[in-house]
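First the structure, in the form of structure tokens, and then the observations on it.
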Amino acid sequence: MIKYHIVIDIVGLEFDHLQSGIVPNISRIANEGESAKMVPVFPAVTSTMQATLLSGTYPSEHGIIGNGLYDRINQNILFWEQSTNLVKAERIWDVAEKNSSKLAMSNEVSRPSPTSSSPVKTAVLFWQNTMYCKAHIVVTPRPLHFDDGMIMWCYSKPVGYYDQQLKTKFGEFNLATYWGPFASYKSSEWITQATNYTLEEHRPNILCTYIPHVDYSAQRFGKSSNQVRDDLKIADNIVEKIVQKTIALGIKNESQFIILSEYGFNDVSSAIPLNLKLRDAGLLATRQIQDKEYLDYEFSNAFAMVDHQIAHIYVKDGFANQTKQALENVTGVDRIVIGEEKKVLKIDHERSGDMIAISDKDKWFSYYWWFDPEMAPSFAKNVDIHKKPGYDPVELFIDPNTRSVSQNTTLVRGSHGRIPNPVTGEGLAFYASNRKSGILANYDSYESLKAVDIGKYLTSLVS
């Protein structure tokens, strides 16, 4: 009888790594049960994929159309917002609570939660859009910004779980190891300690945890780099630590380990400054404030919210044709998704751009809009994920001359987000389980398992 389901999200893990010999522990889990290549939803970026994996729905339903969103009311782009209320579909913990009365009469799960009527205890560590969610145990980074500096803090539930237990036992979670020039496997190691502590102290029936560090080396050095191989080995050892914890707790035989990733990487060589191209076409406006140029949402007829290899383009009425023509003339733009094709790709949500640009396979989109680097806003040279109106992987690099974030976009060697291609293998993610789940039964080939089906399977565990 399976009582515990442990979902480990390892960013950058791909199916081919099973045959490489560098992830023996993950390969052992796959050989015990099943494994497959997984087709991500579009766009294949973190927040979008995590919402799908936890809900079994497409972006057109759950509304997470990228790592950012354009707030049409306040006319501002927001990135990496954490509120659970942004997700418009039920996720695992919502389904568990909804079905609590039915599950309470079942003998399929154990260890009822002391804080809920649901007999299923859920835990989620470091997944996106989980602040205030209905999971019983939540840990997610939420730094507090004050005039005299920043406090490295994590939101947690129960209240004080981070401050009084995890921080006391393992030390403060160092946000510098989670993102920025000093990001490393140290972030994954802390999250693993928190994961094993949660298993030991709370025995959640559904536990979702996040191992991010392979993502950093893939963006810095490219998907086939030695650095990625080294970080995959560390990720594999982390999986074994979690397995060993279940052995020590005496629950391994009652546990299902689900290992997955969110997307596959493409090697890239340079970036396209999409907002600057729109400015060249006379579509994007800026305002000069204290000798710096800022994006003017009010008077721009078109602007781009960039996110790795895709960009949501927001266009004022009457400027669609001009914008589409301008984008199609940009070298490095592969295609423009508009109209019916947005429905086909299930990205036709009200938050989506009026059109979506997709870069060439070896390119990515930067958010830059300035001609003169001296006119760039101060946040351009800082790690500032909330102020920038686009994802900025150059934050992983520091300029040794200025000791600030580099502005050299050619340093980035890996990116993702384009439409996944099951035929060529581009962008495909990974799935494995030590137990037969049944989700592969409807597939003639294990090459094309859809991410949304994994999400449906996960939510079925609490239905």
Query raised in the report: Relative to the Cα centre, what is the charge dipole magnitude of the stretch 269-412, using +1 at the beta carbon of each Lys and Arg, -1 at the beta carbon of each Asp and Glu, and rounding to the nearest 20 debye?
Result: 160 debye
Report task. Determine ³J(HN,Hα), in whole Hz, for all residues of the stretch 356-372 in sequence, where each value follows from phi through the Karplus function 6.51 cos²θ - 1.76 cosθ + 1.60 and θ = phi - 60°; x replaces Gly and Pro. Result -> 10, 8, 10, 7, 4, 4, 9, 10, 9, 9, 9, 8, 4, 10, 9, 8, 9
Report summary line: Ordered by fewest other Cβ atoms within 10 Å, a rough proxy for footprinting exposure, Phe126, Phe182, Phe79 read Phe182, Phe79, Phe126
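For the stretch 344-463, what is Rg from Cα atoms divided by 2.2 N^0.38 Å, rounded to two decimals?
Normalised by 2.2 N^0.38 Å, the Cα Rg of the stretch 344-463 equals 1.46.
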Report task. Return the whole-Å distance between the Cα centroid of the stretch 241-288 and the Cα centroid of the stretch 313-373. Result -> 20 Å
Query raised in the report: In whole Hz, what ³J(HN,Hα) sequence does the stretch 320-332 give by Karplus (6.51, -1.76, 1.60; θ = phi - 60°), x for Gly and Pro?
Result: 5, 5, 4, 5, 4, 5, 4, 5, 5, 8, 8, 5, x
Report summary line: Taking Cα atoms, the helix 451-460 axis meets the longest principal axis of the chain at an angle in degrees (rounded to 10) of 40 degrees
Query raised in the report: Order of Glu350, Glu254 from fewest to most other C-beta atoms within 10 Å?
Result: Glu350, Glu254
Query raised in the report: With +1 on each Lys and Arg Cβ and -1 on each Asp and Glu Cβ, how big is the dipole of the chain about its Cα centre, in debye rounded to the nearest 20?
Result: 1100 debye
Query raised in the report: Given H placed 1.01 Å from N in the peptide plane, which residues other than close sequence neighbours of Asp399 have an amide H under 5 Å from its amide H?
Result: Ser404, Val405, Ser406
Query - Principal-axis tilt of helix 185-202 within the chain, Cα atoms, nearest 10 degrees - result: 40 degrees
Query raised in the report: Fewest to most neighbouring Cβ within 10 Å: what's the order for Cys208, Cys133?
Result: Cys133, Cys208
Query - Reduced Cα scattering model of the stretch 269-412, Debye log10 I(q)/I(0), q = 0.18 Å⁻¹ - result: -1.06
Report summary line: Checked against a 18 Å limit on the C-alpha separation, the offending pairs among Lys3/Lys169; Lys98/Lys121; Lys223/Lys363; Lys169/Lys233; Lys292/Lys388 are Lys3/Lys169; Lys169/Lys233
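Read-outs throughout are calculated quantities, based only on the coordinates presented, and are distinct from any laboratory measurement. Worth saying up front: this structure is predicted, and the values here are computed from it rather than measured. Please note: Cβ atoms are built from the backbone with ideal geometry, for glycine as well, and neighbour counts cover all protein chains shown.
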